[in-house]
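Everything below concerns the one structure shown next.
Coordinate-derived values only; no laboratory data. This structure is a prediction, so every number in the text was calculated from the model and none was measured. When we count neighbours, we look across all protein chains shown, and the Cβ atoms used for this are built from the backbone with ideal geometry, even at glycine.
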Amino acid sequence: MSNDTSENWLKFLNPESLKGNLIRSSIYLTCWEMLKNSIIDHPRGFYTNGFKDGNAILDKEYKKKVLALNDDPLIASALWFQNQGAISDDDIILLTGFRLHRNEIAHELPKFLGDTKSNVQQEFFNGMLYLVTKIDKWWIQNFEIPVSPEIDSRDLSEEQLDGVQSMTMVMMNLLIAVADGKEDQLRWLYTEIKKNIEAGKISKSE
């Protein structure tokens, strides 16, 4: 048995290694879906004119201003954000790299579990968080806050505007911490919310 083969078997048979690689792989796939949904769903929602039989009624402008930009709905949506000044060429290059790695993990998962030369790229987690933060912050600041009857953007400081967070940003941050082996924040949140539910301060239906 060669050294490479031995190391590969050790990687696969080590319970901690196997569990860690499964967790990192599943979290990467989850974070990718969250990023993809943010990119596609925001402009799609903007050009949605209600629903019929559970399906969105899309304005004709969606096809003209978004889908016409590229045959791939994801890249078309990313280009729409770029046209709005939200992201750059470099961000779209990053996005394509994240997707290539996602496809590799999804279609060749055993390789990541038992091949020492194949590992989930940890730096891509932070890259996806960077991109979803850039997109979601821009969306909240330029679309959600201006149309909200409950918020007057003139009353918000630059610091407050810069500090806005989407649920996707919060969830991805927690998931990446777990992928990095840092579970303390998630455990603390779980304990606090559980205590508040048991004390009746938070409804179980919320």
*Net charge dipole size for the chain [Lys, Arg +1 and Asp, Glu -1 on Cβ; Debye, nearest 20]*: 540
*Long-range tail of P(r) for the stretch 37-145 (Cα pairs > 17 Å, %)*: 60
*How high is the relative contact order of the chain, in percent, with contacts defined as C-alpha pairs under 8 Å that are six or more residues apart?*
25
_Whole-angstrom Cα spans of the stretch 1-73 along principal axes, big to small_ = 62, 25, 18
*Please check the chain for the longest run free of trypsin sites (Lys or Arg not before Pro) that are loop-located per DSSP (anything but H, G, I, E, B) and have at most 15 other Cβ atoms within 10 Å.*
1-116
*asked:* Using a 7 Å offset from the Cα along the Cα-to-Cβ direction at both ASP71 and GLU16, what is the distance between the two label points in nm, to one decimal?
replied: 4.9
*Give me THR48, THR168 ranked fewest to most by other Cβ atoms within 10 Å of their Cβ, as a rough exposure proxy.*
THR48, THR168
_Magnitude of the charge dipole, the stretch 1-103, Cβ model with Lys/Arg +1 and Asp/Glu -1, debye to 20_ = 300
*Step through the residues of the stretch 37-51 one at a time and calculate ³J(HN,Hα) from phi using the Karplus curve (6.51 cos²θ - 1.76 cosθ + 1.60, θ = phi - 60°), rounding each to whole Hz and writing x for Gly and Pro.*
5, 4, 5, 7, 6, 4, x, 5, x, 4, 9, 9, 10, x, 9
*Arrange the following residues from fewest to most other Cβ atoms within 10 Å of their Cβ: PHE124, PHE46.*
PHE46, PHE124
*Each label point is 7 Å from the Cα along the Cα-to-Cβ direction; what then is the distance between the points at LEU189 and PHE143, in nm?*
2.3
_FRET efficiency estimate (nearest 0.05) - Cβ-Cβ, GLN165 to ILE93, R0 22 angstrom_ = 0.30
*If the chain between LYS117 and GLN84 were fully stretched, how many nm would it gain, using 0.36 nm times the residue separation less the Cα-Cα distance?*
7.9 nm
_Linear extension gain, ALA56 paired with ASP4, 0.36 nm per residue minus alpha-carbon span_ = 13.5 nm
